[in-house]
1. For the stretch 410-433, indicate whether the set of residues that are surrounded by 21 or more Cβ atoms within 10 Å (Cβ to Cβ), at pLDDT 90 or above and among the small types (Gly, Ala, Ser) is non-empty.
2. Go through the stretch 303-312 and report how many residues are modelled with pLDDT under 90 and under 15 Å from VAL328 (Cβ atoms).
3. For GLN359, which of the numbered conditions (1) over 30 Å from PRO523 (Cα atoms); (2) out of contact with any Phe, Trp or Tyr (no Cβ under 6 Å at 6 or more places or on another chain); (3) without any contact (Cβ under 8 Å) to a residue 40 or more places away in the chain fails to hold?
4. Take the stretch 610-632 and flag every residue that is over 16 Å from SER205 (Cα atoms) and either in a strand (DSSP E or B) or without any contact (Cβ under 8 Å) to a residue 24 or more places away in the chain (or both).
5. Among the numbered criteria (1) of a type in the set (A, V, I, L, M); (2) in a loop (DSSP other than H, G, I, E, B); (3) within 60 Å of the chain's Cα centre (by Cα); (4) modelled with pLDDT of 60 or more, which single criterion is violated by LEU98?
6. Scan the stretch 267-279 for residues that are at pLDDT 90 or above and surrounded by 12 or more Cβ atoms within 10 Å (Cβ to Cβ) and jot them down.
7. For SER228, indicate whether it is of a type in the set (Ser, Thr, Tyr), at pLDDT below 90 and over 18 Å from the mean Cα position of the chain (by Cα).
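The values are calculated or read from the model by the stated rules, or taken from the named source; none is laboratory data. Everything numeric in this text was worked out from a predicted model, so none of it was measured. Neighbour counts are summed over all protein chains in view; Cβ atoms, including those assigned to glycine, are modelled from backbone coordinates with ideal geometry.
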Amino acid sequence: MNFLAPLFLSGAAAIALPVLFHLIRRTTREKTVFSSLMFLMPSPPRLTRRSRLEHILLLTLRCLVLCLLALGFSRPFLKKAMSNDAASGAARRIVMLLDTSASMRRANLWPDAVSKAESILRQTSPGDQVAIFTFDRQLTSLLTFDQWGAASIGERAALASGKLTETTPGWSSTHLGNALVGAAEALADTGGKQVSGRRQIVLISDLQEGSRLDQLQGYEWPKGIELSVEVVKPKHVSNAGIQLAGDTDDNAAKARESVRIRVGNAADSKLEQFEVGWAQSDGVFTGQPTAVYVPPGQSRVVAVPMPSNSAVDRIRLVGDEEEFDNTVFVIPPEPERLTVGYFGEDSTENARQPLYYLQRAFQETKRRAVQIQVHNGKIPLTAKETGDAALLVVTDAMPEERARGIREMVTNGETLLCVMTGDKMAPTLASLVGLDHIVVEEVKPANYALLGEIDFRNPLFLPFADPRFSDFTKIHFWKYRRVDISLIPAARTVAKFDSGDPAILEVPVGKGRVVVFTSGWQPEDSQLALSTKFVPMLYTLLEQSGAGEGSRMQYHVGDVVALGSLAGANKSTWSITRPDSSPVTVSGETNFLTTATPGIYSISSLQPPKRFAVNVDPAESRTGPLPLDELERLGAPMSQSATASRREMAGKARLENTELENRQKLWRWLIVAALVVLIAETWVAGRTARAREDPGAEALQNVS
């Protein structure tokens, strides 16, 4: 028997009231006339040890009435087998997603995930189709639908279990959005076959908040797909991780003194005292570690002094319960060595000449060291002197033969900055851009000239496109050279003075280009060298000429390493030594793709060998739980599928139960039975009352 309102059954507890009333002994209200008691000795009443129930039949009837009323109000009905259309029969098509990211290396997570997967596999029916994928940074197929279907029914679970046994978590980050999109597309791709039944994605993961969900933004899920999430929970909730902090100090000297490390602690962590320091390969500190206090949910940046032993290449965190993110490998950055070829008669100590300001604009940082090579305009150039120059700067007139040599370098891809310091540079400019002659005229404004029109879409001015930095009105130009651009067909005006004359020109020459400043930056010509715009403009020119940001030494697991850019050389075959000392050869490729484990990699085919570090993605240290509502917010069909299905089945069951109860109406018979028992109780109570009254009346008659 089932009940629509089972809470009313608690009303049966009211049977305690009749029992209680029957246990209470009440003194009789009847009085019997008797002669004087003054000659009798008083005698106290005898107390019994326990009360005795009297009139058991009457008590039973009263309790039965209460029970029948409670049953009637609970609306009982006789249950019938519910029709379950969903379970009637169509086979399911399941894609199982197992998380193999670095965070799954925590103590018990992977065994629990495998156990959940095997439990789901055991519950599959013979008609179900199952595919298994693992994911971290990439989605990898472990078992396809075809392989599942090719195996016999009795061997499918064993086949899948064997695949799971051979798999272990890696070190990559969690790209959950990419994995869910790939699984949905695998379910939607039926190969042109008609597939019926439920389509379900079963996600087994620790679902940590560092998971990347970018791919789910705006993704349109195929219809009919359900998402079921099985979350595996770690044994230890405390977790702290370390990572290289952002470079906030560009000073080269300070960069060689210490390494900045960020220590982050999980919000639900129970630990807050840690130690960090340089360590050997066995994890033993090489010196005195630094104590760090990090409250739960916060992070701290620590400057760890550089070790005295240059062979030490890792920093370790001690005091944490999980070890997978407690080591960061460090290769000290090597500044990029760049050369700027300067052609002019200037002195580096003369503050009235352009070279003085150019020399001081390029300061050495830990990423880049710029050396200015000054070439006399009258001495012939050699390939050794100019072959490695990242940028060429001309500020003075030079012989035509020298100009043709520089133009040849520009044609091969170099960038040349030509600063017009006088109208005598007209022949030099003509030779540099490949023309016979150019008309140049000296202009001295009445007061000063301003930049009146600037093309902020040009890469030279792109860093100043923001309105906060686009004000050039404070830079005054005392004089400039008017260049007739009609004689330079390929020239493009990047900036103009308020008079309309060109201020900056860009002329393509072969594979390279010539950038022309019609006014110098020295104080005699303008205030450009004294403004905040001067240094960013020079560095922008340097970067446009092909100079990089320095050799990148730090990578995350799964990153692509551009070998040519890293090593500064182009080869057809590269020999690389992994952190476990195993060699690998890359032939015919310029990228190294197998950065699968954290550690120090070495390009052994170079002399001396070039090293780079690979570390765990810092997002993996964010091990707090990701709310399931976040997946729902991004449109994942979770609340509309698995959860809603259960709600729909429960609602359908309630409707069917209500219909059964309305047809059976058992409560009416219970109310009738309660009325019958109540009538019987009234009759028994009357008989009992008369039986109590008759002995008293007889005693009264005897006395009189």
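1. yes
2. Summing the residues that are modelled with pLDDT under 90 and under 15 Å from VAL328 (Cβ atoms) in the stretch 303-312 gives 3.
3. All conditions are met except number (1).
4. Listed by number, the residues that qualify are LYS610, ARG611, PHE612, ALA613, VAL614, ASN615, GLU632.
5. (2)
6. Of everything in the stretch 267-279, those that are at pLDDT 90 or above and surrounded by 12 or more Cβ atoms within 10 Å (Cβ to Cβ) turn out to be LEU271, GLU272, PHE274, GLU275, VAL276, GLY277, TRP278, ALA279.
7. No, not satisfied.
Condition check ((1) under 21 Å from LYS116 (Cα atoms); (2) not in a loop (DSSP other than H, G, I, E, B); (3) not β-branched (Val, Ile, Thr)) across all residues:
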{"site": "LEU164", "(1), (2), (3)": "yes, yes, yes"}
{"site": "THR167", "(1), (2), (3)": "yes, no, no"}
{"site": "GLY170", "(1), (2), (3)": "yes, no, yes"}
{"site": "GLY177", "(1), (2), (3)": "no, yes, yes"}
{"site": "ALA186", "(1), (2), (3)": "no, yes, yes"}
{"site": "GLN200", "(1), (2), (3)": "yes, yes, yes"}
